[in-house]
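Peer 1: Would you mind keeping the following structure in view while I ask a few things?
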Amino acid sequence: MRAIKPKLSIILPAYNEEIIIKKNVGRIVEYLYNLEKKYNWEIILVNDGSKDKTGQFADELAGTNSNVRTFHHETNKNLGHAIRTGINKANGDCLIVLDLDLSYSTNHIERLADTLFQQSADVVIASPYMPGGKSTAVPKNRLLLSKVVNRFMRAAAQEKYYTFTGMVRAYRGDFIKNVNLKTKDYEINPEILYKSMILRAKILEIPAHLDWSEQNNEVRRTSSIRILKGVFSGLMSGFIFRPYIFFLGVGIFTLLISLYIIGWIFYHTFSVMPTLNVDVNFIDDKFSFAIAQVFQDRPHAFLIGGFTFVIALLFLGIGFLSLQSKRYFEELFHLGTTNLIISKK
């Protein structure tokens, strides 16, 4: 019997993309026709409340090709919501989210799909930042900020990947549909990775080429990405991986400062004690006089030492509480997802 070909669902979020939608969807369709010996396919166009003719052009594309389906948001609900819509509407065994500007060329589709099926992976990331990956013509400021954010997340996460914020990925259909996602903006990409890690998913990266050569030559589009907002979102997303590390790090650093100052106070106190000319009968009385003398000479040391010690205890306490909260959340999320999968069977 002839084996049933796996089906690919190419998810394309679109917001104000009238300039490029027809040309680039046409390129994707042409590429997918060349894969038909290996894969069945569909394209899911998600018009995210565009204010230009993106929705009209998307419907025209769907009308001329039965493999193209279009879904519309009445208002702009942002990238995360568009990706979630695409995931919910897709019917494929492998769901591939692609940027409509084709900054990742169409040949990434086959590489992502092949890796997913051949390696039995749940998530495959197209990574320009891993060894073998590269970027071309990306504005320097944008590239620098992106690398900083991804390195920050790599430092924060327990599992070390090179690209956390990238949208271009492949997902196993029956896996990603059972991951409860809530983020509505750029944070959805690190959210998916975080929750996939909780579920012990098999996550792989493949080298990718991020190429902005065409984008720099095209007419400026009204959609897209606000760099500073994206960077801020990325930095905030870093906290979801191990939030306690930041609190514990500040707490330990502050504690070391306070212990140094407190040690300095005790050292000078014991140095002063033999030189005191006071008539006392007990060592604790002499110690009190020595402390008073050191305080009179260096009152700021007591103030700074006490303040940093309290701050250290505060951050350490928050760190341990966030660690417990994270473990509690992960356990509940894992159990909830497991129950959801069982209920669908």
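This table checks each residue for (1) in contact with a His (Cβ under 6 Å, 6 or more places away or on another chain); (2) modelled with pLDDT of 95 or more; (3) not acidic (Asp, Glu).
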| position | (1), (2), (3) |
| --- | --- |
| 46 | no, yes, yes |
| 72 | no, yes, yes |
| 79 | no, no, yes |
| 93 | no, yes, no |
| 98 | no, yes, yes |
| 126 | yes, yes, yes |
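Peer 1: Taking the residues in region 139-164 that are of a type in the set (Val, Ile, Thr) and crowded, with 20+ Cβ neighbours inside 10 Å as candidates, determine which candidate is farthest from residue 107 (Cα to Cα).
Peer 2: Filtering region 139-164 for residues that are of a type in the set (Val, Ile, Thr) and crowded, with 20+ Cβ neighbours inside 10 Å, the one farthest from residue 107 (Cα to Cα) comes out as 149.
Peer 1: Continuing with this model, one more query. Just one of the numbered conditions (1) among the aromatic types (Phe, Trp, Tyr); (2) surrounded by 13 or more Cβ atoms within 10 Å (Cβ to Cβ); (3) at pLDDT 85 or above is not true of residue 232; which one?
Peer 2: Single failed check for residue 232: (3).
Peer 1: Return only the number of the condition from (1) free of Cβ contacts under 8 Å to residues at least 12 places away in the same chain; (2) under 24 Å from residue 173 (Cβ atoms); (3) in contact with a strand residue (DSSP E or B) (Cβ under 7 Å, 6 or more places away or on another chain) that residue 33 does not satisfy.
Peer 2: Tallying (1) free of Cβ contacts under 8 Å to residues at least 12 places away in the same chain; (2) under 24 Å from residue 173 (Cβ atoms); (3) in contact with a strand residue (DSSP E or B) (Cβ under 7 Å, 6 or more places away or on another chain), residue 33 fails exactly one: (3).
Peer 1: Using the structure shown, decide if residue 112 is at pLDDT 95 or above, in a helix (DSSP H, G or I) and buried (at least 22 other Cβ atoms within 10 Å of the Cβ).
Peer 2: yes
Peer 1: Now for a different question. Please name all residue pairs, on different chains or six or more residues apart, with Cβ atoms under 6 Å, provided the first residue is in region 155-169 and is more than 21 Å from residue 210 (Cβ to Cβ) and the second residue is modelled with pLDDT of 85 or more.
Peer 2: 159/197
Peer 1: If you don't mind, there's one more thing I want to ask. Name the residue, out of 12, 61, that is in a helix (DSSP H, G or I) and touching a strand residue (DSSP E or B) at 6+ places or on another chain (Cβ under 6 Å).
Peer 2: Only one candidate passes the filter, namely 61.
Peer 1: Residues to consider are 18, 74, 30; find the one that is of a type in the set (Asp, Glu) and under 24 Å from residue 116 (Cα atoms).
Peer 2: After applying the criteria, what remains is 30.
The values are calculated or read from the model by the stated rules, or taken from the named source; none is laboratory data. Because the structure is a prediction, the values reported are computed rather than measured. With ideal geometry, Cβ positions are generated from the backbone for all residues, glycine too; neighbour counts draw on all protein chains shown.
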